[in-house]
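The values are calculated or read from the model by the stated rules, or taken from the named source; none is laboratory data. Everything numeric here is computed off the predicted structure, so don't read it as measured data. Cβ placement follows ideal geometry from the backbone for every residue including glycine, while neighbour counts extend to all protein chains displayed.
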Amino acid sequence: MERLAPILIVPAVLLYIAGLTSLIMVVLARAGGWHALAKRYRVATMPDGQVFRMASATFGTFTNYNNVLRIELNEDGVGFSPFFLFRIAHPPIFLPWSAMTEVAPYKILWSTGTRFVVDGHRVRVYRAPGQAILDGWNRWQAAGRA
């Protein structure tokens, strides 16, 4: 019996870590608004478009996704998909341009990007992907689809 206890510790610790990680991912998805957006904008596959890998964004006020997002833009909108290890409670979502409001560039100290609101949820996308979103939004508006 004493030899069995150390053998069970490793699986128990791994199970604990997996459970805690899953709980944290669920809390982050709900706190940042990803969960609410996924109810309406969830997609099975991302549409083809310009791809940014290892991109960063903030959903809500404090839910940061640093270098774990794949952001894909096309003429219809922008999609977000986290790296597979972070997909618990974070299915891929595609936000159409028509759902975005308050689209604007921002700069805070050395951080630049684009911010926008979808269904009351604030999103900030950093650096080049953020600029691409702003450019795509401007093209969509210029085409008179707003």
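Brief remarks on what is shown
- Residue within segment 4-24 that is under 22 Å from Asp119 (Cβ atoms) and either β-branched (Val, Ile, Thr) or in a helix (DSSP H, G or I) (or both) present: no
- Ala44 being crowded, with 18+ Cβ neighbours inside 10 Å, of a type in the set (Gly, Ala, Ser) and farther than 17 Å from Ile133 by Cβ: no
- Cβ separations smaller than 6 Å between residues 6+ apart or across chains give the following pairs from segment 51-63 residues that are assigned to a strand (DSSP E or B) to residues that are among the aromatic types (Phe, Trp, Tyr): Ser56/Tyr126; Ala57/Tyr65; Phe59/Trp34.
- Scanning segment 31-50 for residues that are in a strand (DSSP E or B) and more than 20 Å from Pro105 (Cα to Cα) yields a single hit, Arg42.
- Whether a residue is touching a Lys or Arg at 6+ places or on another chain (Cβ under 8 Å), closer than 21 Å to Asn138 by Cα and among the acidic types (Asp, Glu) was assessed, and Glu102 passes this test.
- Residues within segment 124-142 that are out of contact with any Lys or Arg (no Cβ under 7 Å at 6 or more places or on another chain), of a type outside the set (Ser, Thr, Tyr) and surrounded by 14 or more Cβ atoms within 10 Å (Cβ to Cβ), tallied: 11
- Qualifying positions in segment 116-130 - part of a helix (DSSP H, G or I) and within 14 Å of Gly77 (Cα to Cα): Pro129, Gly130
- Scanning segment 62-91 for residues that are over 8 Å from the mean Cα position of the chain (by Cα) and of a type in the set (Phe, Trp, Tyr), we see that the one that is modelled with the highest pLDDT is Phe83.
- Subset of segment 96-139 (residues that are closer than 26 Å to Leu23 by Cβ and touching a helix residue (DSSP H, G or I) at 6+ places or on another chain (Cβ under 8 Å)): Val118, Asp119, His121, Arg124
- All told, Ala44 meets the bar of being out of contact with any Lys or Arg (no Cβ under 8 Å at 6 or more places or on another chain) and at negative phi.
- Selection within segment 81-90 - in contact (Cβ under 8 Å) with a residue 40 or more places away in the chain and either closer than 12 Å to Gly49 by Cβ or touching a Phe, Trp or Tyr at 6+ places or on another chain (Cβ under 7 Å) (or both): His90
- Screening Leu28 against (1) over 13 Å from the mean Cα position of the chain (by Cα); (2) part of a helix (DSSP H, G or I); (3) not acidic (Asp, Glu) leaves a single unmet condition, (1).
- Check on Met25, loosely packed, with under 15 Cβ neighbours inside 10 Å, farther than 14 Å from Ile93 by Cβ and of a type in the set (A, V, I, L, M): no
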